[in-house]
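Worksheet: the structure to be examined is printed underneath.
The values are calculated or read from the model by the stated rules, or taken from the named source; none is laboratory data. Since this is a predicted model, take the numbers as computed values, not measurements. Quick reminder, even Gly has a Cβ in these numbers, built from the backbone with ideal geometry, and neighbours come from all protein chains shown.
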Amino acid sequence: MNVPQNLHYTKSHEWVLFLDDTTARIGITDFAQHELGDLVFVNLPQVGDKVEIDQVFADVESVKAVSDIYGPVTGEISAVNDELSDSPQLLNTQPYDAWFIEVKNISDKMKFLNAAEYQQFCEEDEGH
Amino acid sequence: MDLKTPLYDTHVAAGGKVVPFAGYLLPIQYATGIITEHMAVRKQAGLFDVSHMGEVLYSGPDAKANVNKVITNDVDLLENGDICYSPILNHDGGFVDDCIVYKYNPDKYMIVINASNRHKDVAWFKEQLFGDVVFEDISDITAEVALQGPNSTAILEKLVAATDIPRGYYTFKENVLLDGIPCLISQTGYTGETGYEIYTSNDQITAVWNKLLEAGKDLGLIPCGLGARDTLRLEAGMPLYGHEMDDTVTPLEIGLGFFVKMEKDGGFIGKDALIAKQPFNTKRAGLKVTGKGIVREHATIYAGDLEVGMTTSGTHSPYFGYGIAMAHLNKKFAKIGTALEVDVRGRRVAVEVIKLPFYKKEQ
């Protein structure tokens with residue numbers, strides 16, 4: 001399992017990369033893509049939409065099931081990675097490059113896990 | 001408490017992602033993933049553990065009459081060593097289950113049933129018994145694997161004498177040896193490809209599994225999970241109990257009339273109800289997703305504002321690369337080429353009615 005040191009993580013398996021204090025990119029982790037299996041469709045929001053903590057902002061479909069992606073921050077969507085619409089498999093092959101959205105004007109954020117904490121969280125999850 | 005098939009440890013050791021299914025712990029996929037497993041079956045070969053399936057035996061002078069009473073197809077049309085697909089109906093013409101029936105000889109038959117329905121089916125079969133017949137539920141002492149894909153015959157030929165391989169679709173050979181292991185081998189499957197199902201005892205199935213994987217190594221054979229089994233059967237337009245059929249749906253509404261022999265001697269359970277309920281306004285249809293997204297089961301289908309049906313199964317088709325679904329659709333809107341919409345969690349997704357099966361192998 002790949003858990004880069006420079007990212008922040010959530011217990012719902014999103015990663016957050018801060019570009020500056022109030023701007024961040026959001027994606028799903030290597031653990032998440034592995035659990036979901038082959039991803040074949042991504043339903044993305046639009047630039048200008050609001051994203052809020054713990055609210056669904058996108059969903060991904062694997063061959064078997066649909067899964068919601070939750071906001072780890074509150075802010076305004078400033079960019080959407082349209083490449084995922086045509087190539088959802090990037091989420092499987094390059095989960096930390098395949099960002100979903102970029103959020104600006106971040107006014108609130110979750111209590112994140114750091115890489116070590118997230119790794120431990122996933123290992124406990126796997127043990128269940 | 002979920003049961004384990006005799007291959008459980010083998011699946012775990014091989015990296016299978018094990019999930020509860022129909023009361024059994026079975027791999028939904030291996031590390032290879034559903035799409036790779038699916039395409040292996042379409043292009044080369046895949047191996048599935050289907051030991052969860054239920055098997056019952058009827059034997060004795062009244063075996064034939066007992067089997068023909070509970071199935072809609074007619075075992076009188078079979079030669080020894082032939083197999084038929086059949087609905088099993090309740091008194092209202094709805095499905096108890098669907099099955100395949102193996103004819104050993106005029107006095108002995110095996111019916112293979114869905115794992116999820118096994119106990120219900122066995123109780124139902126026992127309730128209908130009459131005359132001189134011995135009925136046995138052999139599910140717990142029978143293990144089964146499915147070898148599927150264009151290379152499956154070549155793989156089997158490495159382990160089984162040429163004359164012991166069933167050469168016709170829906171035929172079988174009993175008491176044959178697979179590299180020394182006694183098996184029953186049928187040319188059947190649930191994938192739309194050439195393939196075989198191999199039955200043996202619980203203590204021999206792991207050896208069968210390993211021998212097949214070894215023999216198929218150079219022919220692209222990989223182990224496959226339930227995920228690929230479902231996407232393959234869906235592409236092949238094959239119905240699944242609990243999806244396309246249940247105890248309220250009749251076979252005549254879902255395109256299975258061919259397997260209902262209204263004229264057979266002695267009739268069958270559900271026949272009177274089928275006659276009384278005709279004609280039907282709905283049919284089973286195939287949908288291709290022309291908009292964005294994946295359409296899954298239990299989604300409402302619209303023609304404008306009018307509700308015209310419900311999806312019964314749906315997935316991303318690994319072979320075609322777009323979403324496909326089967327549906328119970330109002331006949332008036334089921335013409336090939338009809339453009340409709342499906343409600344996918346509050347979003348309308350465009351679909352088109354297309355011909356079933358979605359996938360048909362080259363002859």
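Anything in segment B:30-41 that is in contact with a Leu (Cβ under 8 Å, 6 or more places away or on another chain) and farther than 17 Å from B:Lys217 by Cβ? List them, or say none.
Going through segment B:30-41, the residues in contact with a Leu (Cβ under 8 Å, 6 or more places away or on another chain) turn out to be B:38, B:40-41.
Once the filter is applied, which keeps residues that are in contact with a Leu (Cβ under 8 Å, 6 or more places away or on another chain) and farther than 17 Å from B:Lys217 by Cβ, segment B:30-41 yields only B:His38.
In the set A:Pro88, A:Pro45, only one residue is closer than 24 Å to B:Met39 by Cβ and either surrounded by 15 or more Cβ atoms within 10 Å (Cβ to Cβ) or within 14 Å of chain B (Cβ to nearest Cβ) (or both); that residue is A:Pro88.
The residues in segment B:118-168 that are at positive phi and either touching a Lys or Arg at 6+ places or on another chain (Cβ under 6 Å) or surrounded by fewer than 13 Cβ atoms within 10 Å (Cβ to Cβ) (or both) can be counted, and the count is 1. Among residues of segment A:15-40 that are surrounded by fewer than 24 Cβ atoms within 10 Å (Cβ to Cβ), those with a Cβ under 6 angstrom from a residue that is among the charged types (D, E, K, R), sequence gap 6+ or separate chain, pair up as A:Leu17/A:Arg25; A:Thr23/A:Lys104; A:Arg25/A:Glu102. As a summary of the residue check, B:Met310 satisfies the conditions (1) more than 23 Å from the chain's Cα centre (by Cα); (2) surrounded by fewer than 21 Cβ atoms within 10 Å (Cβ to Cβ); (3) modelled with pLDDT of 95 or more except for the one numbered (1).
Go through segment B:21-47 and give me each residue that's assigned to a strand (DSSP E or B), within 14 Å of chain A (Cβ to nearest Cβ) and surrounded by fewer than 23 Cβ atoms within 10 Å (Cβ to Cβ).
Within segment B:21-47, the subset assigned to a strand (DSSP E or B) is B:21, B:24-29, B:45-47.
Next, only the ones that are within 14 Å of chain A (Cβ to nearest Cβ) stay: B:21, B:26-29.
Those that are assigned to a strand (DSSP E or B), within 14 Å of chain A (Cβ to nearest Cβ) and surrounded by fewer than 23 Cβ atoms within 10 Å (Cβ to Cβ): B:Phe21, B:Ile28.
Among the residues of segment B:262-320, write down those that are in a strand (DSSP E or B) and either over 20 Å from B:Gly237 (Cα atoms) or without any contact (Cβ under 8 Å) to a residue 12 or more places away in the chain (or both).
Narrowing segment B:262-320 to residues in a strand (DSSP E or B): B:282-289, B:300-303, B:306-316.
Within segment B:262-320, B:Tyr302, B:Ala303, B:Leu306, B:Glu307, B:Val308 qualify.
Tell me which residues, restricted to segment A:48-68, are within 14 Å of chain B (Cβ to nearest Cβ), within 14 Å of the chain's Cα centre (by Cα) and either more than 19 Å from B:Val349 (Cβ to Cβ) or of a type in the set (Ser, Thr, Tyr) (or both). Scanning segment A:48-68 gives a single hit, A:Ser67.
Taking the listed residues B:Leu184, B:Leu232, B:Leu219, B:Leu177, the one that is in contact with a Phe, Trp or Tyr (Cβ under 6 Å, 6 or more places away or on another chain) and either surrounded by fewer than 23 Cβ atoms within 10 Å (Cβ to Cβ) or within 14 Å of chain A (Cβ to nearest Cβ) (or both) is B:Leu184, with no other qualifying.
Checking each residue of segment B:213-228 against the condition of being touching a Leu at 6+ places or on another chain (Cβ under 6 Å) and more than 23 Å from B:Lys43 (Cα to Cα) gives no match. Of everything in segment A:15-42 that is within 14 Å of chain B (Cβ to nearest Cβ) and in contact with a helix residue (DSSP H, G or I) (Cβ under 7 Å, 6 or more places away or on another chain), the residue that is farthest from B:Ile294 (Cα to Cα) is A:Phe31.
Which condition does B:Gln278 not pass, out of (1) more than 14 Å from every other protein chain (Cβ to nearest Cβ); (2) at pLDDT 95 or above, if it passes all the others? (2) is the only condition that B:Gln278 fails. Only a single item in (1) under 29 Å from B:Gly321 (Cα atoms); (2) away from chain A (no Cβ under 14 Å); (3) of a type outside the set (Lys, Arg) is not met by B:Val67, and it is number (1).
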